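The values are calculated or read from the model by the stated rules, or taken from the named source; none is laboratory data. Values in this document were obtained by computation on a predicted structure and should not be read as measured data. A quick note on method: Cβ atoms are made from the backbone with ideal geometry, for glycine too, and the neighbour counts reach across all protein chains shown. These accessible areas exclude ligands, DNA and RNA; they are computed on the full protein's heavy atoms, side chains included. Shrake-Rupley method; radii C 1.70, N 1.55, O 1.52, S 1.80 Å.
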Amino acid sequence: MSSSPRRAERPIHPLVVRITHWVNALAMLMMITSGWRIYNASPIFGDWAFPKTITLGGWLGGALQWHFAGMWLLVANGLVYLTYGLASGHLRRRLTPLRPREIGHDFVAALRFRLPHDPGVYNAVQRLLYVAVLLIGIVIVLSGLAIWKPVQFAPLTALMGGYDTARIVHFLAMAGIAGFVAVHLALVLLVPRTLPTMIIGREIHLGRNRVVKP
């Protein structure tokens, strides 16, 4: 009697979701690190600046080019994801419902490190975080437009409280997205089996299937 490995596969993430996820990760990395270099050229908070080693672009002109490239990539990728998510019902299935009681329960469970995690099924806290980062994404795009073209988008810039305030809004939105990314990576480290699902789209379990040989 001997045993041989058996793999049980369960579909988790569609191909469109996986592609847009990784393109989005690249675009955000480009925008955040180049944005830090742009910030250093004209700091908002006194003399505080980001270390040059973690910025992208080398100088202000280069950073702006990287930032705009990341912006168009992020916007195009976001439109693909939203179109697919709305048309297929993916967003509705993954991000709803949002019930305060469930959010409170799962938040307490997370603080106690007792929150179960099933790949492909978001708990209430995850749903809240994903909805929040989508809304922050809208804010960062609008505030970015207000900074980029303050004359052409004068009403938008005024709505943001003026050019200087729009810069602060843009910076805080960036900080919110960076915080989300940090939490997201921490959860991947805590539950590493979620990473392969975003690469191959399936959860793989290695088991043992006993085979009787004559």
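Take region 1-151 with all the other protein chains still there, run a 1.4 Å probe, and you get 62 Å² of accessible area per residue.
In a simple Cβ point-charge model (Lys, Arg +1; Asp, Glu -1; nothing else charged), the chain has a dipole of about 1100 debye relative to its Cα centre. Measuring nothing but protein heavy atoms, the accessible surface of the chain at 1.4 Å probe radius is 70 percent carbon and sulfur. Note on the chain: dipole from Cβ charges, positive end direction compared against 46, 131, 67; the farthest Cα belongs to 131. Computed from the Cβ-Cβ distance with R0 of 45 Å, the FRET efficiency linking residue 102 to residue 156 stands at 0.80. With each label modelled as a point 7 angstrom along the Cα→C-beta vector, the residue 198-residue 18 pair spans 1.3 nm. Multiplying the residue separation of residue 52 and residue 86 by 0.36 nm and removing their Cα-Cα distance gives an extension gain of 8.3 nm. Per the Kirkwood formula applied to alpha carbons, the chain shows a radius of gyration over Rh ratio, Rg over Rh, of 1.07.
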